[in-house]
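Structure record follows, encoded as structure tokens.
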Amino acid sequence: IKILAIESSCDETSAAIAVNGKVLNNIIATQSVHENYGGVVPELASRAHQLNIVPVVDQALKGANIDKNELSAVAFTRGPGLMGALLVGASFAKATALALDIPLIEVNHMQAHILAHFIDDPKPKFPFLCLTVSGGHTQIVLVKDFLEMEVVGETQDDAVGEAFDKAAKMLGLGYPGGPMVDRLAQKGNPMRFEFPKTEMPGLSYSFSGIKTGILYFLRDELKKDEKFIEDNMNDLCASIQHTLVSMLLQKLRKAARQYKVDQIAIAGGVSANSGLRNALNDLATQENWQVYIPAFEYCTDNAGMIAMAGHFKYQKQEFVDQSISALPRMKF
Ligand code: ATP
Ligand code: MG
Ligand code: FE
């Protein structure tokens, strides 16, 4: 089974090949145009996807040493994501499937983030809980099988990646700020500052309150000392990261106890965060969990995870026809 997979939901144009469930080549073109705007500009994203998609797919095929005529199916990200961005990948995938007369497979981007765990060893055993933390989502997912998943908790407002990025922006760091906060936090004191956490019922998250909390805190401190941010940058990053990570893990622990699951995974862009990885490993020792953390390459958006999802759907012959379109608010 040879799957060509295409990812274009946000600001990464990516293509990958999976042969019998093994990801051979994962090509990612990250769009730098957005850096000047402090966030992803949807119109620029779709234009960049249009420019990148042909060379990226070409490189993925060549790198895997596969001719397009050998392909068994084409998989693409149907959603969730930006409409204009998704449409580029969807149109390209549809045209390719039509031209080669092979099946077309739609993939849910958030399911694919979780299925990234099946690219390399060790692989989690079912059922497991996955904390999916990215730029647009914060979810606790109960994974019963490859394609059988249930969201048991999620954010009611902002995603945690958004909170990282917005905090970074307030500190005057570039975009995307998450990785920068991570780097500076490693030299800072996580206990130095405290920020108010919003208490949420059940397994729900909320990250909009802490964003406002940080904003007011910085405003007040800057009134007293205009160099407050630059003088305390590392401690600020460490304290913000510590607060966000502990909010994430508190609900994850609650979910694990509630569902009596000891296989715990994390996925999505924020799972690259070193503070989260360290704290998760510590909690795992306490709670007797087996934790699964994907390789950095498969944390943020990539087509390798789409290829993996495509492989599982191919095995179940879950194909779609040419009437399919992108679905920006796709659920699962
Ligand atoms: P979604 O998957 O919800 O559609 P997305 O695809 O934009 O959103 P990803 O590419 O999975 O999200 O992740 C990007 C997010 O991950 C950004 O918010 C970025 O700041 C954050 N991120 C990446 N690396 C780190 C890190 N080391 N620490 C904290 N955040 C990080
Ligand atoms: Mg991205
Ligand atoms: Fe993503």
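Quick test for you: out of Gln263, Gln286, Gln250, pick the one residue that is of a type in the set (S, T, N, Q) and in contact (Cβ under 8 Å) with a residue 12 or more places away in the chain.
It is Gln263.
Considering Leu184, Leu171, which residue is under 19 Å from Val270 (Cα atoms), in contact with a Gly (Cβ under 8 Å, 6 or more places away or on another chain) and either among the polar types (S, T, N, Q) or buried (at least 16 other Cβ atoms within 10 Å of the Cβ) (or both)? So that I can check it myself, show each step before the final result.
Numbers: Leu184 fails: in contact with a Gly (Cβ under 8 Å, 6 or more places away or on another chain).
Unique residue meeting the criteria: Leu171.
Pull up the range 1-11, narrow it to residues that are modelled with pLDDT of 95 or more and within 16 Å of ligand 2 (Cβ to nearest atom), then point me to the one that is farthest from Glu70 (Cα to Cα). I'd like the intermediate steps shown before the answer.
Our first condition is that a residue be modelled with pLDDT of 95 or more; within the range 1-11, this holds for 1-10.
Going one step further and asking which of them are within 16 Å of ligand 2 (Cβ to nearest atom), we end up with 6-10.
Numbers: Ile6: 17, Glu7: 20, Ser8: 23, Ser9: 26, Cys10: 29 Å.
That would be Cys10.
Among the residues of the range 114-145, write down those that are touching a strand residue (DSSP E or B) at 6+ places or on another chain (Cβ under 6 Å) and within 20 Å of Ser204 (Cα to Cα).
Across the range 114-145, the qualifying residues are Ile114, Phe128, Leu129, Cys130, Leu131, Thr132, Thr138, Gln139, Ile140, Val141, Leu142, Val143.
Checking Tyr37 against (1) surrounded by 14 or more Cβ atoms within 10 Å (Cβ to Cβ); (2) at pLDDT below 95: exactly one of these is not met. Which one?
Evaluating Tyr37 over (1) surrounded by 14 or more Cβ atoms within 10 Å (Cβ to Cβ); (2) at pLDDT below 95 leaves (1) as the failure.
Might you check whether a residue that is assigned to a helix (DSSP H, G or I), surrounded by fewer than 19 Cβ atoms within 10 Å (Cβ to Cβ) and within 16 Å of ligand 2 (Cβ to nearest atom) occurs anywhere in the range 310-319?
No, because not a single residue in the range 310-319 is assigned to a helix (DSSP H, G or I), surrounded by fewer than 19 Cβ atoms within 10 Å (Cβ to Cβ) and within 16 Å of ligand 2 (Cβ to nearest atom).
Any idea how many residues of the range 158-210 are assigned to a loop (DSSP other than H, G, I, E, B) and of a type in the set (Phe, Trp, Tyr)? Walk me through how you get there before you give the answer.
Within the range 158-210, the subset assigned to a loop (DSSP other than H, G, I, E, B) is 158-159, 171-177, 186-204, 206-207.
From the residues that got through so far, the ones that are of a type in the set (Phe, Trp, Tyr) too are 175, 193, 195, 207.
Result for the range 158-210: 4.
Are there any pairs with C-beta distances below 7 angstrom linking a residue in the range 1-23 that is over 14 Å from Val57 (Cα atoms) to a residue that is more than 10 Å from ligand 3 (Cβ to nearest atom) and basic (Lys, Arg), with the two at least 6 apart or on different chains, and if so which?
Close Cβ pairs (under 7 Å, with a partner that is more than 10 Å from ligand 3 (Cβ to nearest atom) and basic (Lys, Arg)) amount to Val19/Lys2.
Look through Ala272, Ala238 and report the one residue that is within 16 Å of ligand 2 (Cβ to nearest atom), within 17 Å of Phe164 (Cα to Cα), at pLDDT 95 or above and surrounded by 21 or more Cβ atoms within 10 Å (Cβ to Cβ).
Ala272
Looking at this structure, is Ala279 crowded, with 18+ Cβ neighbours inside 10 Å and either away from ligand 1 (no atom under 16 Å from the Cβ) or among the basic types (Lys, Arg) (or both)?
Spelling it out, it is not the case that Ala279 is crowded, with 18+ Cβ neighbours inside 10 Å and either away from ligand 1 (no atom under 16 Å from the Cβ) or among the basic types (Lys, Arg) (or both).
Within the set of pairs 6 or more residues apart or between chains, which connect a residue that is without any contact (Cβ under 8 Å) to a residue 12 or more places away in the chain inside the range 94-107 to a residue that is not in a strand (DSSP E or B) with Cβ atoms less than 9 Å apart?
Ala99/Lys68
Is at least one residue of the range 189-196 under 13 Å from Ala265 (Cβ atoms), in contact with a Ser or Thr (Cβ under 8 Å, 6 or more places away or on another chain) and away from ligand 2 (no atom under 16 Å from the Cβ)?
no
The values are calculated or read from the model by the stated rules, or taken from the named source; none is laboratory data. Note that the coordinates shown come from a computational prediction; the quantities given were computed from them, not determined experimentally. Virtual Cβ from ideal backbone geometry, glycine too; neighbours counted across all protein chains shown.
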